[in-house]
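Novice: For reference, the structure I am asking about is given below.
The values are calculated or read from the model by the stated rules, or taken from the named source; none is laboratory data. Worth saying up front: this structure is predicted, and the values here are computed from it rather than measured. Glycine gets a Cβ as well: all are built from the backbone with ideal geometry, and neighbour counts include every protein chain shown.
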Amino acid sequence: MSNILDKYDESIRLTYNHTYRMLVHLKNIIENFKSIENPDDITVEVYRDSIIKKYETLEDLTWKLLSKIFKASGLDINNPRGCYKQAFKEGLISDIDIWNDILVSRNSTAHIYDEHDYEEIKNNIVNNYTNAIEELLNNILKRIL
């Protein structure tokens, strides 16, 4: 796979770096929130909204990074579900079910009006999705970059 970067090297590297920085930002927001003792309702809401918004951007960057990687190897996949399926086939993703959840949650964030559902997505981001995205980025770094 080392030759796949020839034509798309700079674009893939820049997208990877931007995606990784977004992951670090999200993890920092999560850690900062965890360190607050007895946050008030407004603080909880602001952090929850920040976590979800940063996650939306991170998920978008993640599938676009995969799309560029696959395009460099001759596959033209222009949607998140297709990118995640291909990444699973190539062993970059170990658990396709969590990636299906990542996609469903990302698509749901713009249409949730129930606080409980919104909070559930935030908890999944904190407890599951960031780890899955970090694992994918580490696999990309080891195998492709």
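Novice: Condition check: among the hydrophobic types (A, V, I, L, M, F, W, C), part of a helix (DSSP H, G or I) and in contact with a helix residue (DSSP H, G or I) (Cβ under 9 Å, 6 or more places away or on another chain). Does ILE69 satisfy that?
Specialist: Criteria met by ILE69.
Novice: Cβ-Cβ under 6 Å, sequence separation 6+ or interchain: first residue in segment 125-136 and closer than 18 Å to LYS53 by Cβ, partner of a type in the set (Phe, Trp, Tyr). Which pairs?
Specialist: ILE125/TYR55
Novice: Of the conditions (1) surrounded by 19 or more Cβ atoms within 10 Å (Cβ to Cβ); (2) over 30 Å from GLU10 (Cβ atoms), ARG106 satisfies every one except a single condition; which number is it?
Specialist: Failed condition: (2).
Novice: Same structure, new question: Taking into account only those residues within segment 46-91 that are in contact (Cβ under 8 Å) with a residue 24 or more places away in the chain and of a type in the set (Ser, Thr, Tyr), which is nearest to THR15 (Cα to Cα)?
Specialist: Checked segment 46-91; the qualifying residue nearest to THR15 (Cα to Cα) is THR62.
Novice: Within segment 15-29, does at least one residue satisfy the condition of being among the charged types (D, E, K, R), under 17 Å from the mean Cα position of the chain (by Cα), under 16 Å from ASN124 (Cβ atoms) and surrounded by 12 or more Cβ atoms within 10 Å (Cβ to Cβ)?
Specialist: Yes; the residues of segment 15-29 include at least one that is among the charged types (D, E, K, R), under 17 Å from the mean Cα position of the chain (by Cα), under 16 Å from ASN124 (Cβ atoms) and surrounded by 12 or more Cβ atoms within 10 Å (Cβ to Cβ).
Novice: Find the residue count for segment 60-93, including only residues that are modelled with pLDDT of 95 or more and on the phi > 0 side of the Ramachandran plot.
Specialist: 1
Novice: Next up: I'd like to know if segment 4-17 contains one or more residues that are modelled with pLDDT of 95 or more, touching a Ser or Thr at 6+ places or on another chain (Cβ under 8 Å) and closer than 25 Å to ILE96 by Cα.
Specialist: Scanning segment 4-17, I find no residue that is modelled with pLDDT of 95 or more, touching a Ser or Thr at 6+ places or on another chain (Cβ under 8 Å) and closer than 25 Å to ILE96 by Cα, so the answer is no.
Novice: Where residues in segment 94-112 are within 15 Å of LYS53 (Cα to Cα) and of a type outside the set (A, V, I, L, M, F, W, C), which of them is modelled with the lowest pLDDT?
Specialist: Looking at the filtered set, the residue picked out is HIS111.
Novice: Looking at (1) surrounded by 14 or more Cβ atoms within 10 Å (Cβ to Cβ); (2) closer than 16 Å to MET22 by Cα, which is the only condition ASN131 fails?
Specialist: With respect to (1) surrounded by 14 or more Cβ atoms within 10 Å (Cβ to Cβ); (2) closer than 16 Å to MET22 by Cα, ASN131 is out only on (1).
Novice: Yes or no: GLU90 under 24 Å from ILE30 (Cβ atoms) and of a type in the set (Asp, Glu)?
Specialist: On the way: under 24 Å from ILE30 (Cβ atoms): no; of a type in the set (Asp, Glu): yes.
It is false that GLU90 is under 24 Å from ILE30 (Cβ atoms) and of a type in the set (Asp, Glu).
Novice: Considering only residues that are without any contact (Cβ under 8 Å) to a residue 40 or more places away in the chain and either in a loop (DSSP other than H, G, I, E, B) or among the basic types (Lys, Arg) (or both), look in segment 92-122 and name the one that is nearest to THR62 (Cα to Cα).
Specialist: ASP95
Novice: Using the structure shown, decide if LYS142 is in a helix (DSSP H, G or I) and in contact with a Ser or Thr (Cβ under 8 Å, 6 or more places away or on another chain).
Specialist: no
Novice: Can you say whether ASN38 is outside any helix (DSSP H, G or I) and either at pLDDT 95 or above or exposed (fewer than 13 other Cβ atoms within 10 Å of the Cβ) (or both), as far as the supplied structure shows?
Specialist: For ASN38, the condition - outside any helix (DSSP H, G or I) and either at pLDDT 95 or above or exposed (fewer than 13 other Cβ atoms within 10 Å of the Cβ) (or both) - is met.
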